[in-house]
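The values are calculated or read from the model by the stated rules, or taken from the named source; none is laboratory data. Quick caveat: nothing in here was measured; it's all calculated off a predicted structure. When we count neighbours, we look across all protein chains shown, and the Cβ atoms used for this are built from the backbone with ideal geometry, even at glycine.
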Amino acid sequence: MIRFTVRSLMLNRIPRLPENQVIELQRRRLQSIVSYAMKHSAFYRRKYQGIDPRNVRLETLEPTSKSELMAHFDQVVTDPNIRRADLERFLDNPANEGSPFLGRYIASHTSGSQGQPMLILQDRRLAELMFGLQMTRGNARKATPIEAARRLISPARLAIVTLKRGFYPSATVFESIPPAARIFMKVLWLSQTDPDVIDRLNTFRPSILTGYAGVLEELSLKAEGGQLRLAPELQQVVNNSEVLTDRARLRIESAFGCHVMNNYATGECTFLSNGCSTDSGAHVNSDWAILEVVDAENRPVPAGTPGSKVFITNLANRTLPFLRYEVGDVVTMATEPCRCGSRLPRVERIDGRTADTFWIQDGAHYRQLISSVFKNAFDYAREVREWQVTQEDRNRFLVRIEVLPGASLDEPHLQRVLHRQLEMYRFRDIVSIRTEVVDRLGPDPKTGKFRRIVSRVGPPSDLEQRLRIDHGHDIARPLSVTNQASRSALPKAPSP
């Protein structure tokens, strides 16, 4: 406990250090992890042949991908006792939930919602690092020795509300809370589907509430309705694993009366960042991880500009090294410092996956319809609690809508704002959209995450189609949008 406390408090010094000191610490740890990977991993020894790890620069390392690491899994891992076949058998058995693989490793896998799942292994000591960072840098209260002593006497009360337990990364993280960290907190882990979830939360009176954005928003409605009563004990709300929209954040903050800290991480690097305690976004823990925001050609993009994807380098995981690991997240880095005083880089926005886009056929070409077209439209539909867009065919969409309790959908208004957004991006007369009001939109039962953007057709699949992708914006024709109930076409809006 003493060791964990001292190390955690030392972690909290880093965000106040000058940037050059953090970069130097990052550089030394990069050299160390690359050296270790080249020595103990046959895959990295071949991939980075000719590179001197003592003088390595990040940009000289070729990126890695999920498909590449999975194809060579047994050569990527640095422990010769690890075999992919054994790990898969371990993960296939629900009885192993909460148990370490080979007696020492935390094992998990990604959801596979974007294709093949990634198998993940990490030493249990990394759980100490993650919780040390969360309890200091990710704490709404200032982490000091006095605060640590106070928590020994009066532990924090952490309520975790997810869809289910299992081998997905966030579940295994909570299953692996280090004993030293548990001294400072009491933990209640609930499923959103538990029939008594509201009663148990009211009884537990958490000081910290964490969950997926969709779950937190659902609970905020219960708080607004008076069924969920967590004030004044609740001091911190933390979003994990799902994109937090601006509307959802405002709704949750209004209902609970406290700032939502929006963590950004992946299963491959669970301690990538911690939500900012004063502003939107999250601070990258750049002493233990490197986040690169790049365009489609792997070129760095400046702060304030959304990237096409990111490269993540985990500087702590020596069992399964992730070096410049490609993730299709659309991320924008902040250009301005925030009020919390941290000097660590801050992610300003996370807009989901690059895969959360639609490819539309326009004559002989294909054009990309970004999800922001729909997100921007629903910013003006304040009676809508949640929405989901499904691409049923190449140019045909279904928009399913859940309205707030006691509200009714202003359909003509929604049609107008949808029409306006689609015209702005010049998709008139190219696609058709129908809307459908449903009682409830919930998370994917397999992953526990809510998907607002679903494509049943995907991007153009063969090389010939990809060569026909058109990036021009010269199309300007009327767009027809119909409603499932009325089947009435949208009124024509004037051209922008």
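Values as computed for the structure displayed
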{"item": "Filter result (among the small types (Gly, Ala, Ser) and under 22 Å from Val327 (Cα atoms)) within segment 42-75", "result": "Ser65, Ser67, Ala71"}
{"item": "Residue in segment 356-369 that is of a type in the set (Gly, Ala, Ser), in a loop (DSSP other than H, G, I, E, B) and within 21 Å of the chain's Cα centre (by Cα) present", "result": "no"}
{"item": "Some residue of segment 238-246 being within 30 Å of Asn314 (Cβ to Cβ), touching a helix residue (DSSP H, G or I) at 6+ places or on another chain (Cβ under 7 Å), modelled with pLDDT of 90 or more and not hydrophobic (A, V, I, L, M, F, W, C)", "result": "yes"}
{"item": "Residues satisfying the stated conditions in segment 318-338, i.e. outside any strand (DSSP E or B) and closer than 16 Å to Ser65 by Cα", "result": "Leu320, Pro321, Phe322, Leu323, Arg324, Gly328"}
{"item": "Restricting segment 157-182 to residues that are assigned to a strand (DSSP E or B) and over 18 Å from the mean Cα position of the chain (by Cα), the residue that is surrounded by the fewest Cβ atoms within 10 Å (Cβ to Cβ)", "result": "Arg157"}
{"item": "Per-region count, segment 3-43, residues closer than 30 Å to Arg151 by Cβ and among the acidic types (Asp, Glu)", "result": "0"}
{"item": "Test result for Thr60, under 22 Å from Arg299 (Cα atoms), assigned by TED's automatic domain parsing to the domain that holds Glu268 and touching an Asp or Glu at 6+ places or on another chain (Cβ under 9 Å)", "result": "no"}
{"item": "From the options Gly328, Gly307, residue that is of a type outside the set (Asp, Glu) and in contact with a Lys or Arg (Cβ under 9 Å, 6 or more places away or on another chain)", "result": "Gly328"}
{"item": "Yes/no for Thr266 being farther than 15 Å from Arg349 by Cβ and in contact (Cβ under 8 Å) with a residue 24 or more places away in the chain", "result": "yes"}
{"item": "Some residue of segment 103-118 being at pLDDT 90 or above, under 22 Å from Phe450 (Cβ atoms), among the hydrophobic types (A, V, I, L, M, F, W, C) and surrounded by 17 or more Cβ atoms within 10 Å (Cβ to Cβ)", "result": "yes"}
{"item": "Number of positions in segment 339-355 that are assigned to a loop (DSSP other than H, G, I, E, B) and either in contact (Cβ under 8 Å) with a residue 60 or more places away in the chain or in contact with a Cys (Cβ under 9 Å, 6 or more places away or on another chain) (or both)", "result": "8"}
{"item": "Residue within segment 212-222 that is over 22 Å from Gln388 (Cβ atoms) and in contact (Cβ under 8 Å) with a residue 40 or more places away in the chain present", "result": "no"}
{"item": "Contacts under 6 angstrom Cβ, first residue in segment 270-286 being in the same structural domain as Val260 (by TED's automatic domain parsing) and closer than 14 Å to Glu348 by Cα, partner surrounded by fewer than 24 Cβ atoms within 10 Å (Cβ to Cβ) and hydroxyl-bearing (Ser, Thr, Tyr), 6 or more apart", "result": "His283/Ser342"}
{"item": "Number of positions in segment 130-156 that are under 19 Å from the mean Cα position of the chain (by Cα) and not in a loop (DSSP other than H, G, I, E, B)", "result": "4"}
{"item": "Segments classed as helices (runs of 4 or more DSSP H), wholly inside segment 183-270, with at least 1 members that are within 20 Å of Gly281 (Cβ to Cβ)", "result": "213-224, 246-256"}
{"item": "Members of segment 40-54 that are within 17 Å of Leu315 (Cα to Cα) and either touching a residue at least 24 places away in the same chain (Cβ under 8 Å) or among the β-branched types (Val, Ile, Thr) (or both)", "result": "His40, Ser41, Tyr44"}
